[in-house]
Amino acid sequence: MFADVTVLYVTADATLPSGKVIRDESIQGGIREVRIYFGKSSIGLVNAWRYLKHYLHAVKFLEAPDLVHVHVLSRTAIPALWLKYTRNTPYLVTEHWSRYLPQNVAKGAYRGWLRKRFTKLVVKNAKCITTVTKNLANAMQSLGLKNKYVVTPNVADCGLFHLEEKTTQKDFDFVHVSCFDEPAKNIKGIVDAFAEYVRLGLKGSLTIIGDGPDYKSVFSYAEATKLIGSRISFTGLMEGEQLASRMREADALVMFSNYENLPCTIVESLCCGVPVISTDVGGIAEYVNKENGILIPPRNITELVNAMRNMATGIYASKKQEIANYGSQHFSMESISQNFKQHYRL
C-alpha cells in the first residue's frame, strides 16, 4: 500500500431510535474503517443535518489528511469541501453512478437547483474527477460539471477472480449476476431469451445469481418457463469466494441491461477469463470487444438468443487465458492503485 488510508462512512439507520448514535471502528488489511450510524428521523431535513453534523464531527477528530478521496457525489463531498475551505486539504472525486447518463437525467435522477449548484461547486474545486468510463465523464461534462477528468475503471480482487481450468466437461454454463433491479438489468429479458434458446434444442444452463428488490418478481416470471430445476437455477446472494468460485466455473456471463455504467460483474468475469455477452450501453464497449465478448443492442431478444447460440459453440474456449490477462492488466488492484497513485500526485 502506497498510502495510509482511513475510510469514513456515515449513514442513517432506521433500526436505531431517533437521536441514537453508534460508532464502530476497525482495521482490516491495514485500512482503518470508521463507521457511524445514527437514528433515522421521519423528517428528511433532520437526517440531512445529522448526516452533516456526524461527518464533520468525525473529520474533526481524525488525523489531518493529506488528501480526501470522495466516492459518489454529492453529499459525501460535504466534509471534503469543508476541509478544503478550512484546512486547504485537496480532494479528488471518483464517480461510479449512472445518475448522470442521459436516460437517467431524463427520468429526473439529477434534478433540483440546490443539488446541481452544489455538485458543480464540488466538481469545480476538486483536484480531479475520476470516472469508471469515458462515457460517464462525457455525460457529466455535458451537464456543466467541468474539471480535469481521468478514466479509472472498477477494480477486481484477482486473488479471488482469476482463471481456473475446468476439470470436467458439461453443457454450456451461462451465468448472470446482478442486484435484481429489473428496470435497469432486464433479467426477465434474459429468461425469455434462454427459454427461446432451449426451445431451439440447444444445450446449456442458466444460473441467476444475486438478490434485490425484484427477486420475487423475476423468480415468478421464470417459473412460467417450467425450466427452473432443470435448466434455470437461482442461487440467491453470493459474495466473496463463493461468488468468485461460481464465476470461475462459468462459460459466459450474460448481461442484458437497459442502461449501465461499467458493472463490477463484467470486470470480475473478464478477470476469471470468462467471456461476456452484454448490451452495448453506457461505457461497456470501452472494455468489452470482439476479443473477449459479444455486444448486442438493448431490448433485442433475437440478438441475445443469437449471441448465446454463437457463444455456446465455444468461440472463446481457446482465449480464456488471453481474456484473464486482459482483465488483470486493466482491473487488478495493482493496476488501479498505480493509476490512483498518479492522480494523488497531480
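The values are calculated or read from the model by the stated rules, or taken from the named source; none is laboratory data. Predicted model only: the values in this text are computed from it and were never measured. Counting neighbours? That spans all protein chains shown, and the Cβs are built from the backbone with ideal geometry, glycine included.
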- Query: For residues in region 305-339 being touching a Gly at 6+ places or on another chain (Cβ under 7 Å) and of a type in the set (A, V, I, L, M), which is surrounded by the fewest Cβ atoms within 10 Å (Cβ to Cβ)?
  - Reply: Ala312
- Message: Could you check region 273-282 and list, in sequence order, the residues that are in a loop (DSSP other than H, G, I, E, B) and more than 13 Å from Glu322 (Cβ to Cβ)?
- Response: Asp280, Val281, Gly282
- Query: Would it be correct to say that Glu260 is out of contact with any Asp or Glu (no Cβ under 8 Å at 6 or more places or on another chain), part of a loop (DSSP other than H, G, I, E, B) and acidic (Asp, Glu)?
  - Reply: yes
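One residue is enough: does region 11-20 have a residue meeting the conditions under 21 Å from the mean Cα position of the chain (by Cα) and assigned by TED's automatic domain parsing to the domain that holds Val132? Spell out the reasoning first.
We begin by selecting, within region 11-20, every residue under 21 Å from the mean Cα position of the chain (by Cα); these are 11.
Of the ones still in play, those that are also assigned by TED's automatic domain parsing to the domain that holds Val132 are 11.
Within region 11-20, one or more residues are under 21 Å from the mean Cα position of the chain (by Cα) and assigned by TED's automatic domain parsing to the domain that holds Val132.
Here's a check for you: in region 103-133, which residue that is in a helix (DSSP H, G or I) and among the charged types (D, E, K, R) is modelled with the lowest pLDDT? Working first, answer last.
In the first step, residues of region 103-133 are kept if they are in a helix (DSSP H, G or I); the result is 103-106, 113-125.
Among the residues that remain, those that are also among the charged types (D, E, K, R) are: 115-117, 120, 124.
Numbers: Arg115: 87, Lys116: 92, Arg117: 93, Lys120: 95, Lys124: 95.
By that ranking, first place goes to Arg115.
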- Item | Test for Ala58: is it of a type in the set (A, V, I, L, M) and within 23 Å of Ala109 (Cα to Cα) | no
- Message: So if I check each of Ser245, Ser233, Ser178, which one is over 28 Å from Met333 (Cα atoms), of a type outside the set (Phe, Trp, Tyr) and either touching a strand residue (DSSP E or B) at 6+ places or on another chain (Cβ under 9 Å) or surrounded by fewer than 15 Cβ atoms within 10 Å (Cβ to Cβ) (or both)?
- Response: Ser233
- Any idea which residue in region 203-254 is farthest from Asp171 (Cα to Cα), counting only those that are more than 19 Å from the chain's Cα centre (by Cα) and of a type in the set (Val, Ile, Thr)? Val218
- Query: Under the condition of being under 19 Å from Glu164 (Cβ atoms) and small (Gly, Ala, Ser), which residue from region 294-324 is modelled with the highest pLDDT?
  - Reply: Ala324
- Note on the structure: Of the residues in region 194-215, those that are touching a His at 6+ places or on another chain (Cβ under 9 Å) and free of Cβ contacts under 8 Å to residues at least 40 places away in the same chain come to Ile208, Ile209, Gly210
- Using the structure shown, decide if Phe61 is in contact with a Lys or Arg (Cβ under 7 Å, 6 or more places away or on another chain) and either at pLDDT below 90 or among the β-branched types (Val, Ile, Thr) (or both). no
- Message: When the residues of region 21-73 are narrowed to those that are part of a helix (DSSP H, G or I) and touching a Pro at 6+ places or on another chain (Cβ under 9 Å), which ends up surrounded by the most Cβ atoms within 10 Å (Cβ to Cβ)?
- Response: Val59
- Query: So, in region 91-102, of the ones that are part of a strand (DSSP E or B) and under 21 Å from the mean Cα position of the chain (by Cα), which residue ends up nearest to Pro298 (Cα to Cα)?
  - Reply: Glu95
- Hits in region 6-59 - residues which are of a type in the set (S, T, N, Q) and closer than 25 Å to Leu83 by Cβ: Thr6, Thr11, Ser26, Gln28, Asn47
